[in-house]
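A quick write-up on the structure given underneath.
The values are calculated or read from the model by the stated rules, or taken from the named source; none is laboratory data. All figures in this text were calculated on a predicted structure; none of them were measured in a lab. Note that each Cβ is placed from the backbone with ideal geometry, even for glycine, and that neighbours are counted across all protein chains shown.
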Amino acid sequence: MGFLGAINLAWQQHTQAENAGRIAEEATELFDRLVKFAEHFTKVRKGLLAASESLDAAIGSYETRIRPQGERVRELGGASSRDALGEILPVNATIRRLENSAE
């Protein structure tokens, strides 16, 4: 019985060592995937910032160039509608940074 117990213990240790190796491999793969996932988020963030800047520029152009001229045309009776041009509100959103992200 003692011999069978020793074999069982040796087998358990062998299995645990194999599992530890697999866990290390899986952890390495998970880390690599997390790095890639964070890279995707960085690209999305940069795209959102660029879109936000473009939106701000478009709103600025509308407010300073298009809307005033449109209002002048309306005031002179050159517009079919008597409604004033509407205001375009900016998007007031803050984009959070990932910790330790390089930009």
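Can you tell me which residues in region 57-72 are among the aliphatic types (A, V, I, L, M) and surrounded by 12 or more Cβ atoms within 10 Å (Cβ to Cβ)? Answer for region 57-72, where residues must be among the aliphatic types (A, V, I, L, M) and surrounded by 12 or more Cβ atoms within 10 Å (Cβ to Cβ): Ala58, Ile59, Ile66. Scanning region 76-89 for residues that are at pLDDT below 85 and surrounded by fewer than 12 Cβ atoms within 10 Å (Cβ to Cβ) yields Gly77, Gly78, Ser80, Ser81, Arg82, Asp83, Gly86, Glu87, Leu89.
Quick one: is Thr28 part of a helix (DSSP H, G or I), touching an Asp or Glu at 6+ places or on another chain (Cβ under 9 Å) and on the phi < 0 side of the Ramachandran plot? Considered against the rule, which asks whether it is part of a helix (DSSP H, G or I), touching an Asp or Glu at 6+ places or on another chain (Cβ under 9 Å) and on the phi < 0 side of the Ramachandran plot, Thr28 comes out as no.
Regarding Ser81, is this residue assigned to a loop (DSSP other than H, G, I, E, B), among the small types (Gly, Ala, Ser) and more than 30 Å from Glu99 (Cβ to Cβ)? So Ser81 fits the description; yes. Looking only at region 33-78, residues that are closer than 17 Å to Glu99 by Cβ, in contact (Cβ under 8 Å) with a residue 24 or more places away in the chain and not aliphatic (A, V, I, L, M) come to 4 in all.
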